[in-house]
Amino acid sequence: MEGDGLPKGATGAALMIYASGVDEPEAVRETVAILKRADVAPLDVTGYGTLQEREEQGHDISEDERELMQRALDENSVIVAQMTPFFEDQKPADESKSN
């Protein structure tokens, strides 16, 4: 779609976003609101928790990721850190592997 910020021919995208909020549900709501204002139609938004929660769950968190999490917190912002576009003729990763 013209003006959606995706490469030509893309049918959608996965976004890696860092957002702040008083709690995880608020951060997810704020993220959805920002995406909708940017004319993006999010189908699924998953929160993974605070830095402390993720550390307690044993997640391996890089220094870059820590910096993005802190920046979102300091700026009270929603940061789009990565976009992976999808194309109609693209197979999901698990289907494209040969046995």
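Below is a table of values for the structure above.
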{"quantity": "Residues of segment 54-76 satisfying the condition of being more than 14 Å from SER20 (Cα to Cα) and in a helix (DSSP H, G or I)", "calculated": "ARG54, GLU55, GLU56, GLU63, ASP64"}
{"quantity": "Single condition GLY9 does not satisfy, out of (1) in contact with an Asp or Glu (Cβ under 8 Å, 6 or more places away or on another chain); (2) at negative phi; (3) touching a residue at least 24 places away in the same chain (Cβ under 8 Å)", "calculated": "(2)"}
{"quantity": "Filtered residues of segment 13-41 (kept if surrounded by 16 or more Cβ atoms within 10 Å (Cβ to Cβ) and not aliphatic (A, V, I, L, M))", "calculated": "TYR18, SER20, GLY21, GLU30, THR31"}
{"quantity": "Residue among VAL45, VAL80, VAL40 that is in contact with a strand residue (DSSP E or B) (Cβ under 6 Å, 6 or more places away or on another chain) and of a type in the set (A, V, I, L, M)", "calculated": "VAL80"}
{"quantity": "Residue among GLU63, GLU75 that alone is of a type outside the set (A, V, I, L, M, F, W, C), modelled with pLDDT of 90 or more and surrounded by 10 or more Cβ atoms within 10 Å (Cβ to Cβ)", "calculated": "GLU75"}
{"quantity": "Out of ALA41, ALA33, ALA14, sole residue that is out of contact with any Cys (no Cβ under 7 Å at 6 or more places or on another chain), hydrophobic (A, V, I, L, M, F, W, C) and modelled with pLDDT under 90", "calculated": "ALA41"}
{"quantity": "ALA38 being farther than 25 Å from ARG66 by Cβ, more than 16 Å from the chain's Cα centre (by Cα) and in contact (Cβ under 8 Å) with a residue 24 or more places away in the chain", "calculated": "no"}
{"quantity": "Pick from segment 42-53, criterion of a type in the set (A, V, I, L, M) and part of a loop (DSSP other than H, G, I, E, B), ranking: surrounded by the most Cβ atoms within 10 Å (Cβ to Cβ)", "calculated": "VAL45"}
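The values are calculated or read from the model by the stated rules, or taken from the named source; none is laboratory data. Source: prediction; values computed, not measured. Because the Cβ atoms are built from the backbone with ideal geometry, glycine has one as well, and the counts that use them run over all protein chains shown.
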